[in-house]
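The values are calculated or read from the model by the stated rules, or taken from the named source; none is laboratory data. These numbers come from a predicted model, not from an experiment. Cβ: placed from backbone, ideal geometry, glycine included. Neighbour counts: every protein chain shown. Only protein heavy atoms, including side chains, enter the accessible area calculation; ligands, DNA and RNA are left aside. Shrake-Rupley method; radii C 1.70, N 1.55, O 1.52, S 1.80 Å.
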Protein chains: 2
Amino acid sequence: MGSVEYKGKASELLIENDIKIGQSINIQTNNGKYSGILLPRYELFDDNHVVMKLRNGYNIGINLTKIRSIEKGSSDSQYGAYIVGKASHNVNQTIGRPNSDQAKVEGTLPKVALISTGGTIGSKIDYRTGGVTSVLSASDLYLSVPEISRYASVDTEVLLNEYSENLRPEHWTLMANKIIEKTSMGIYRGIILSHGTDTMHYSSAALSFALRNIPIPVILTGAQRSSDRPSSDAALNLIGATKFAIESEYSGVFVIMHADASDNLLACHLGTRVRKNHTSSRDAFESIDIKPVALINGENIKMQHNPTLELQRREDANYSSYKTSFDRHVILLKYYPGFEPAIISYLVQSGYKAIIFEGTGLGHVSNECIAQLKQAINSGVMIFMTSQCIWGRVNLNVYDTGRDLLGIGVVPLSDMTPETALVKTMWLLANNQHSGDIKRMMQENMCNEISSISPIQLDKK
Amino acid sequence: MGSVEYKGKASELLIENDIKIGQSINIQTNNGKYSGILLPRYELFDDNHVVMKLRNGYNIGINLTKIRSIEKGSSDSQYGAYIVGKASHNVNQTIGRPNSDQAKVEGTLPKVALISTGGTIGSKIDYRTGGVTSVLSASDLYLSVPEISRYASVDTEVLLNEYSENLRPEHWTLMANKIIEKTSMGIYRGIILSHGTDTMHYSSAALSFALRNIPIPVILTGAQRSSDRPSSDAALNLIGATKFAIESEYSGVFVIMHADASDNLLACHLGTRVRKNHTSSRDAFESIDIKPVALINGENIKMQHNPTLELQRREDANYSSYKTSFDRHVILLKYYPGFEPAIISYLVQSGYKAIIFEGTGLGHVSNECIAQLKQAINSGVMIFMTSQCIWGRVNLNVYDTGRDLLGIGVVPLSDMTPETALVKTMWLLANNQHSGDIKRMMQENMCNEISSISPIQLDKK
């Protein structure tokens with residue numbers, strides 16, 4: 001796999017000494033001598049390190065400037081097949097082991113499962129076309145970020161290899177079932193899902209409902225820049241996700257991505273309250289209407305816990321109680337001036353069971369729509385109201401327009417994001433028979449999707 | 001009209017002295033004696049002022065704490081009918097005159113036209129229901145903010161009285177035609193449009209195209225809180241809009257609203273690059289991907305001019321060249337996981353001429369949609385791509401998904417906001433015959449709707 005070759009100075013050093021991946025090597029540094037196997041290393045950040053698996057089983061990344069000599073060892077022995085073979089194929093194997101120089105815990109490190117689904121975090125630039133293609137598996141990713149092995153013993157698995165714009169509700173079910181399977185093994189301190197960023201916030205919301213009451217943290221992370229670009233955010237995001245999975249006392253579904261333009265601060269967002277708000281910047285993800293759950297700065301995790309969130313890890317877990325299905329008969333529809341109400345009739349006739357409106361301001365659509373909405377509701381289609389403003393809460397009690405919508409049975413969804421409202425409706429529809437129950441549950445706060453701050457406090461975002 | 005009655009302490013003082021609106025009064029203050037007519041004053045900020053029209057024709061607001069005595073004057077005379085009658089009915093009359101104590105310019109002040117269209121800025125709370133209803137005309141508004149008369153002589157006109165969620169493209173045409181009529185009179189330094197905030201950014205974008213090359217500034221402003229609430233932003237927004245209309249050297253269409261949570265800083269946004277990003281906060285409006293054109297802090301207007309914007313006032317104007325029509329056969333459609341491509345066929349069959357997608361990330365929809373999009377394009381429907389991320393630029397060259405979309409003829413719209421893309425398409429469709437021309441013009445920067453910053457600079461929002 002090209003993805004695990006060295007390049008630049010590291011490559012030159014290896015060629016000069018006629019050393020290939022999987023071979024036994026001895027490296028002399030100022031701190032001592034290391035013997036082991038040269039690991040494949042994807043060209044993630046720079047070309048200044050080589051990575052080797054020591055005889056004690058730990059991985060270590062060594063900076064070229066610290067290498068006084070490098071030479072082939074006596075044997076290509078027992079590690080070769082394991083590393084070059086399995087590491088590139090990678091289903092359900094523990095390949096992570098701590099760097100012996102840096103491990104903070106003697107003996108067994110806490111275990112984390114890393115499940116890859118595709119996306120930029122597992123991509124690299126095709127230097128021929130200038131575009132990006134998806135090539136890395138979870139174990140490639142893990143191998144390319146050896147720092148992770150300082151914190152955790154990581155089991156990797158490839159679940160999907162899709163850019164996230166191609167993910168559908170049935171993929172959320174796959175993810176949820178896989179996470180339940182891993183969690184029920186009882187051996188993982190947390191689970192990390194590498195995921196494309198385009199729809200990461202839809203998936204995190206969907207998993208929040210499907211994995212409601214999951215006893216451990218499930219963390220989605222990804223990259224806005226492919227892993228082989230110098231500006232890639234992949235490594236820091238993966239390291240932060242691992243640290244949070246191990247060290248936090250939280251359970252639930254989270255998104256961890258860059259918090260600002262620096263390359264050292266990460267934010268941990270609630271799965272139901274996060275949104276991708278920039279097409280390309282590394283800090284594209286933001287918590288909506290609440291602070292991020294935590295900020296992660298190097299070794300320091302600063303919890304910003306809101307006591308009402310009830311996120312503590314749990315001892316109880318009934319693994320047969322999870323509901324992981326989603327019903328696609330829901331549309332997310334943005335209102336705008338000139339919106340033609342006829343589309344509402346089309347949706348009713350086409351079998352849609354619910355419409356999530358992104359209304360204007362406090363949750364409005366024009367009076368032109370009232371008649372068609374009333375007909376839709378009379379036909380049994382549920383109409384939910386969110387706001388295209390993104391920040392702030394809908395309120396249908398302030399203006400005539402809102403009161404008219406309430407009057408015909410439109411259901412306002414407080415400050416739930418439109419994206420979360422969509423997946424919550426899909427989830428409730430798949431798992432409940434009665435629309436009365438669904439409408440009631442849509443207005444209940446099940447997974448922190450509605451913030452409990454009073455409207456007056458929300459005044460300033 | 002209830003909207004022009006006094007309340008609270010001012011009302012008590014007037015009742016105590018048996019003085020009614022329209023009557024002649026004499027007020028003695030520490031600074032001198034004022035004789036004139038008691039003007040109607042809407043209860044906008046507080047109950048600490050009365051407003052009178054002096055015999056020299058100027059209006060003055062007097063703080064109750066400065067009043068040593070107030071009494072009925074000798075005659076209800078020539079001003080009565082004018083004020084109580086016309087001021088409440090208000091078509092095309094100059095009612096503004098400077099406060100003689102405060103006027104900075106002797107003699108004639110610059111003229112501004114204030115056109116009201118409805119919305120919260122012209123609303124008050126119904127204390128019976130707790131809701132808000134629309135009641136104020138442009139002249140009511142003007143009378144309620146006497147500070148404006150320090151800067152400008154204001155002509156007021158009621159064009160519409162609609163909450164902005166009920167405004168449609170045909171209303172944009174009405175607004176544009178009215179503004180052209182006013183501008184062509186050649187007597188106004190600027191034009192202010194009071195407008196509901198729900199769709200103010202759609203209207204500002206629409207007017208930017210319909211009034212392309214307008215020689216003077218056209219400023220949309222409104223309020224997030226009704227004018228009679230203590231926290232109302234109506235007065236400051238109106239004052240700032242007036243100052244900017246008079247003092248700036250800019251032409252074009254702008255939105256002026258609160259810039260932060262304080263009640264003293266305003267931001268002036270380009271009409272094509274502004275969005276309502278909060279349901280209720282007073283600083284809900286933000287410039288997208290560029291800085292606001294100006295910040296207004298009390299008397300100080302700080303221009304933040306980007307030299308590429310070409311906004312200077314113009315001497316030339318061909319009033320017959322404006323194109324003020326819009327074609328509603330466009331839909332703004334948000335992509336999400338689970339989006340059913342069948343809706344695309346419905347739109348083609350229903351006669352839509354263009355679809356503006358809010359894609360994910362850099363401008364993506366799932367590969368499930370490709371076939372239907374291809375059919376739509378083959379049927380002559382134009383497909384334009386924007387991003388639901390709001391900030392940042394679409395780029396269809398980075399990923400396979402994007403290249404597939406480009407391949408079938410989807411047209412990417414750089415960093416144009418979805419809302420601006422929608423109204424630009426509506427405007428081009430109404431005024432051009434050939435889809436090739438329209439696609440080309442959609443990618444051209446006509447009214448600063450595409451920022452000229454390179455993608456790399458846009459990296460950080």
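Figures for the structure shown
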| read-out | value |
| --- | --- |
| Those residues of the stretch B:394-412 which are away from chain A (no Cβ under 11 Å) and touching a residue at least 60 places away in the same chain (Cβ under 8 Å), in sequence order | none |
| In the stretch B:394-412, residue most open to solvent (accessible area, probe 1.4 Å) [restricted to those that are at pLDDT 95 or above and either in a strand (DSSP E or B) or not assigned by TED's automatic domain parsing to the domain that holds B:PHE357 (or both)] | B:PRO412 |
| When residues of the stretch A:258-269 are limited to those that are open to solvent by 10 Å² or more (accessible area, probe 1.4 Å) and not polar (S, T, N, Q), the one nearest to the other protein chains (Cβ to nearest Cβ) | A:ALA261 |
| Filter result for A:ALA210 (free of Cβ contacts under 8 Å to residues at least 60 places away in the same chain and crowded, with 20+ Cβ neighbours inside 10 Å) | no |
| Those residues of the stretch A:441-461 which are at the interface with chain B (Cβ under 9 Å from one of its Cβ atoms) and either modelled with pLDDT of 95 or more or open to solvent by 20 Å² or more (accessible area, probe 1.4 Å) (or both), in sequence order | A:PRO455, A:ASP459, A:LYS460, A:LYS461 |
| Unmet requirement for B:ALA223, which otherwise passes all of (1) under 12 Å from the mean Cα position of the chain (by Cα); (2) more than 19 Å from B:VAL112 (Cα to Cα); (3) aliphatic (A, V, I, L, M); (4) at pLDDT 95 or above | (4) |
| Pick from the stretch B:45-72, criterion of a type in the set (Val, Ile, Thr) and at pLDDT 85 or above, ranking: surrounded by the fewest Cβ atoms within 10 Å (Cβ to Cβ) | B:ILE67 |
| Test: residue in the stretch B:105-115 that is touching a strand residue (DSSP E or B) at 6+ places or on another chain (Cβ under 6 Å) and either modelled with pLDDT under 90 or in a helix (DSSP H, G or I) (or both) | no |
| Test: residue in the stretch A:378-393 that is in contact (Cβ under 8 Å) with a residue 40 or more places away in the chain, in a strand (DSSP E or B) and more than 7 Å from chain B (Cβ to nearest Cβ) | yes |
| Filtered residues of the stretch B:284-306 (kept if open to solvent by less than 10 Å² (accessible area, probe 1.4 Å) and within 20 Å of A:ASN277 (Cβ to Cβ)) | B:ALA284, B:PHE285, B:ILE288 |
| Filter result for A:ASP415 (crowded, with 16+ Cβ neighbours inside 10 Å, at pLDDT below 95, within 14 Å of another protein chain (Cβ to nearest Cβ) and more than 17 Å from A:LYS353 (Cα to Cα)) | no |
| The stretch B:326-356, residues that are more than 7 Å from every other protein chain (Cβ to nearest Cβ), in a helix (DSSP H, G or I), open to solvent by 20 Å² or more (accessible area, probe 1.4 Å) and not small (Gly, Ala, Ser) | B:VAL348, B:GLN349 |
| Residue pairs meeting the criteria (Cβ under 7 Å; at least 6 apart or on separate chains; first open to solvent by 10 Å² or more (accessible area, probe 1.4 Å), in the stretch B:162-176; second part of a helix (DSSP H, G or I)) | B:TYR163/A:THR401; B:ASN166/A:ASN367 |
| Cβ pairs under 6 Å, 6+ apart, first in the stretch B:213-227 and at negative phi and open to solvent by less than 10 Å² (accessible area, probe 1.4 Å), second aromatic (Phe, Trp, Tyr) and part of a strand (DSSP E or B) | B:PRO217/B:TYR250; B:ILE219/B:PHE254 |
| Residues located in the stretch A:228-245, provided they are within 13 Å of chain B (Cβ to nearest Cβ) and surrounded by 24 or more Cβ atoms within 10 Å (Cβ to Cβ) | A:ASP233 |
| Filter pass, B:GLU449 being in a helix (DSSP H, G or I), under 22 Å from B:VAL255 (Cα atoms) and of a type in the set (Asp, Glu) | no |
| Filtered residues of the stretch A:357-393 (kept if open to solvent by 30 Å² or more (accessible area, probe 1.4 Å) and either outside the structural domain of A:THR420 (by TED's automatic domain parsing) or under 18 Å from B:LEU333 (Cβ atoms) (or both)) | A:GLN372 |
| Residue within the stretch B:116-129 that is within 14 Å of chain A (Cβ to nearest Cβ) and at pLDDT 90 or above present | yes |
| Test result for B:GLY190, under 27 Å from B:PHE326 (Cβ atoms), touching a Pro at 6+ places or on another chain (Cβ under 8 Å) and open to solvent by less than 10 Å² (accessible area, probe 1.4 Å) | yes |
